[in-house]
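Reading through the structure tokens given below for one structure.
The values are calculated or read from the model by the stated rules, or taken from the named source; none is laboratory data. Keep in mind it's a predicted model, so treat the numbers as computed, not measured. Glycine also receives a Cβ, built like all others from the backbone with ideal geometry; neighbour counts cover every protein chain displayed.
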Amino acid sequence: MKNCRGLGVGYQYVLDNYMCNRQLDYYTKRVLEKGLSEAEELLLNCYFENTDTILDIGTGCGRFAYNSYEKGFTDMYGIDMNPKFIGRALQIGESKNYDINYSVQNAQYTTFKDKTFESAIFTSDGFSQIPGNGNKLAVLKEIYRIMKPFGILILAVIDENLIRENSPEYARIIDKSRKNEDWKAKNFYDKNDIFIYDGGYIHFASIEETTDLISKSGFRLLFNADHKYILGHNDKKSLNISRFFVLTK
């Protein structure tokens, strides 16, 4: 796996943070206890068909893939860089005899053929943990390559404005990190790269920054919205800190 910049933030840094058993247990619980958020379920039903071949990017232990399979979306693939997560995802799926295709892959360099998927989703904070905009753009271009014409990609990006509106505790962590200039100590790219207390790395992109990457990737942006706009109320199953970008090829 390639580091982006010296010994600082690179794919290996991000991966190392998720290799511990604590993270494995946390993401296992998310599969079985959290399920889909209200907004994810609404978008799934609006934009994906039950017959679609669907890719869940950054699947973790399979939260989106597993819970979508239960709702009848059975041609499901999940990829993640963490072999521990994929191993656990396979165990969870096999416990119910769910035929979900999981594999250990870097989203920037997948093994899938051109035009494989009708639909794809990059959920939660996964996209925000890809180090550097060059790598984020490369991932979007790779997803574009493996999507069929007119395919739909749902991209979720952590939005700092939503954090400040809906999660004051999280906002305090951000402010403390910036005050201590942890982003410099960890050789991050800029002040929007935050070193979270448990070792995680998050980049808080503006809407303009994300839409610029989308325009360079080849995708066409249909719309972007937060949970409240999509549902008409705050999402009871979510922290309401993600903004959804719905894209088409």
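Contact map, the stretch 34-53: residues that are in a loop (DSSP other than H, G, I, E, B) paired with residues that are surrounded by 17 or more Cβ atoms within 10 Å (Cβ to Cβ) and among the polar types (S, T, N, Q), Cβ distance under 6 Å, separation 6+ or inter-chain. Pairs shown: Gly35/Asn67; Leu36/Asn67; Ser37/Ser238; Phe48/Ser119; Asp52/Ser119. Of all residues in the stretch 208-219, those that are touching a helix residue (DSSP H, G or I) at 6+ places or on another chain (Cβ under 8 Å) and either in a strand (DSSP E or B) or not hydroxyl-bearing (Ser, Thr, Tyr) (or both) total 6. Filter the stretch 45-78 down to the residues that are within 17 Å of Gln129 (Cα to Cα) and either surrounded by fewer than 23 Cβ atoms within 10 Å (Cβ to Cβ) or among the hydroxyl-bearing types (Ser, Thr, Tyr) (or both) and list them by number. Once the filter is applied, which keeps residues that are within 17 Å of Gln129 (Cα to Cα) and either surrounded by fewer than 23 Cβ atoms within 10 Å (Cβ to Cβ) or among the hydroxyl-bearing types (Ser, Thr, Tyr) (or both), the stretch 45-78 yields only Thr59. Scanning the stretch 82-99 for residues that are of a type in the set (Phe, Trp, Tyr) and out of contact with any helix residue (DSSP H, G or I) (no Cβ under 9 Å at 6 or more places or on another chain) yields nothing. Residues in the stretch 111-127 that are outside any strand (DSSP E or B) and either closer than 19 Å to Ala156 by Cβ or among the acidic types (Asp, Glu) (or both): Asp114, Thr123, Ser124, Asp125, Gly126, Phe127.
Residue-wise test of (1) hydroxyl-bearing (Ser, Thr, Tyr); (2) buried (at least 19 other Cβ atoms within 10 Å of the Cβ); (3) under 20 Å from the mean Cα position of the chain (by Cα).
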site	(1), (2), (3)
Asn97	no, no, no
Tyr109	yes, no, yes
Lys113	no, no, no
Thr116	yes, no, yes
Ser128	yes, yes, yes
Ala138	no, no, yes
Arg145	no, no, yes
Ser167	yes, no, yes
Lys176	no, no, no
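All of Arg220, Arg145 fail the test of being at pLDDT 95 or above, out of contact with any Leu (no Cβ under 9 Å at 6 or more places or on another chain) and under 30 Å from Asp114 (Cα atoms), apart from Arg145. Every test in (1) on the phi > 0 side of the Ramachandran plot; (2) out of contact with any strand residue (DSSP E or B) (no Cβ under 7 Å at 6 or more places or on another chain); (3) crowded, with 16+ Cβ neighbours inside 10 Å; (4) of a type in the set (Gly, Ala, Ser) is passed by Ser37 save one, and that test is (1). Screening Leu153, Leu140 for residues that are outside any helix (DSSP H, G or I), within 25 Å of His227 (Cα to Cα), touching a Phe, Trp or Tyr at 6+ places or on another chain (Cβ under 9 Å) and at pLDDT 95 or above leaves exactly one candidate, Leu153.
Only one entry in Asp56, Asp99, Asp52 is modelled with pLDDT of 95 or more, of a type in the set (D, E, K, R) and touching a Gly at 6+ places or on another chain (Cβ under 6 Å), namely Asp56. Total residues in the stretch 57-73 satisfying the condition of being within 15 Å of Glu38 (Cα to Cα) and part of a loop (DSSP other than H, G, I, E, B): the figure is 1.
Of the listed requirements (1) surrounded by 13 or more Cβ atoms within 10 Å (Cβ to Cβ); (2) at pLDDT below 95, Val104 misses just one: (2). Regarding Arg178, is this residue at negative phi, out of contact with any Ser or Thr (no Cβ under 8 Å at 6 or more places or on another chain) and in a helix (DSSP H, G or I)? Here the answer is yes, as Arg178 does meet what is asked. Of all residues assigned to the stretch 14-33, none qualifies as being at positive phi, at pLDDT 90 or above and buried (at least 17 other Cβ atoms within 10 Å of the Cβ).
Checked against the criteria, Ala205 counts as small (Gly, Ala, Ser), over 26 Å from Tyr77 (Cα atoms), modelled with pLDDT of 75 or more and in contact with a strand residue (DSSP E or B) (Cβ under 7 Å, 6 or more places away or on another chain).
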